[in-house]
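Input: a single structure, listed below in structure tokens.
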Amino acid sequence: MSEETQMDTLAYSSRMLGWAPLGKFAFACALIIVNLSTSSMLVPLVTLPIGLILMAYSTNFRIPFFIGLALAEAVLIIVLFAGMMSISGTSGNVVWEADILWIHARMTDDSFNYAWLVLLRSLASIAVMISFATSTPIPHLSQAFRQVRMPVEITEIVVLIYRYGFLLLERMEVMWSAASCRMGFNGAKRSISTVASIAVGIFISSSDMADKAQTALECRNYQGYFPVYNQPPKMGVKWLAVCVFAFVAIYLFGLRTEGMVDMYAILSGVLR
């Protein structure tokens, strides 16, 4: 089963499929925006469980392998970035300082706490967006955007990019498997050369794939839009009220709890 089929199957089998796509999108945006609006450490600790609960309800944490791999890479990048932020302190009490190669590392309590804040914000935002992505088919989302008078050309381009992206991904997997069978990843130097050749090959073949995809669409009487016969539910006043209530409640909670949690004090106390 291809990655596109896995993603579509997961979205169409979600328990949240019957929810209004625009309502889910607005709710996810409200949680992400309020997550970035305050400096309280407790706000991402509130939005993260909400995203995880929605993921559990939607798909029981079932996600395609390539999405899981992308999430693992994203989390690794976030952790490394947060680690770099923690040793780039400019204010606060210095708790650790050393020279690592040509880098002068300087960790302060403020930089340590800010790194944790960025880490928790990122994880919470990822959980919320994954719960939305795994429960909303792209055709439903394109139809929902028309409710806010978004031009049809833009919505159809979104659908085409989504479909075309999976075609490129499948072509990359074929090239990767072919290179692996020919010992293309035997050694670091050869691996770098092979990855560069695959990237160039995908770039060159993308125009050819685009021509073939256009021909296939024309053979299927493509008129510039993808019809959706089972229209998704529209966003109503209830969804707007839920989004506004969630945003205001979490925002006020964040204002009242700013500075309440000190991760450096907590972790240093535990380590001692």
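Summary of computed values
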{"item": "Amide hydrogen neighbours beyond the local backbone of residue 95, cut-off 5 Å, H modeled", "result": "107, 108, 109"}
{"item": "Shape of the stretch 109-182, Cα gyration tensor, a/c cut at 1.5", "result": "oblate"}
{"item": "From phi via Karplus (6.51, -1.76, 1.60), per-residue ³J(HN,Hα) for the stretch 167-175 in Hz, x at Gly/Pro", "result": "4, 5, 5, 5, 5, 5, 5, 5, 5"}
{"item": "Globularity ratio of the stretch 22-82, using Cα Rg and 2.2 N^0.38 Å", "result": "1.27"}
{"item": "Distant-in-sequence amide H partners of residue 88 (H built 1.01 Å from N, under 5 Å)", "result": "106"}
{"item": "Base-10 log of normalised Debye intensity for the stretch 12-114 (one unit scatterer per alpha-carbon) at q = 0.15, 0.16, 0.18, 0.20 Å⁻¹", "result": "-0.84, -0.91, -1.03, -1.14"}
{"item": "P(r), alpha carbons of the stretch 176-272 - 10 Å bins starting at zero, rounded %", "result": "11, 14, 12, 13, 27, 20, 2, 0"}
{"item": "Whether the chain is rounded, prolate or oblate, judged on the alpha carbon gyration tensor where a/c under 1.5 counts as rounded", "result": "oblate"}
{"item": "If the convex hull is drawn through the Cα atoms of the stretch 72-157, its volume per residue in Å³", "result": "158 Å³"}
{"item": "Sequence-distant lysines (8 or more away, or on other chains) whose Cα lies within less than 30 Å of residue 212", "result": "none"}
{"item": "Karplus-derived HN-Hα couplings along the stretch 190-199 (A = 6.51, B = -1.76, C = 1.60, θ = phi - 60°), whole Hz, x at Gly and Pro", "result": "5, 5, 4, 5, 5, 4, 5, 5, 5, 4"}
{"item": "Carbon + sulfur, % of accessible area of the chain - ligands and nucleic acids excluded, 1.4 Å", "result": "68 percent"}
{"item": "For the stretch 52-98: accessible area per residue (Å², 1.4 Å)", "result": "64 Å²"}
{"item": "Computed magnitude of the charge dipole of the chain (debye, nearest 20; Cβ of K, R +1, Cβ of D, E -1)", "result": "520 debye"}
{"item": "Amide H contacts of residue 19 (H built 1.01 Å from N, under 5 Å, at least 5 apart or other chain)", "result": "none"}
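The values are calculated or read from the model by the stated rules, or taken from the named source; none is laboratory data. Note that the structure is a prediction, hence the values are computed from the model and not measured. With ideal geometry, Cβ positions are generated from the backbone for all residues, glycine too; neighbour counts draw on all protein chains shown. The accessibility values were calculated without ligands, DNA or RNA, using every heavy atom of the protein model including side chains. Shrake-Rupley method; radii C 1.70, N 1.55, O 1.52, S 1.80 Å.
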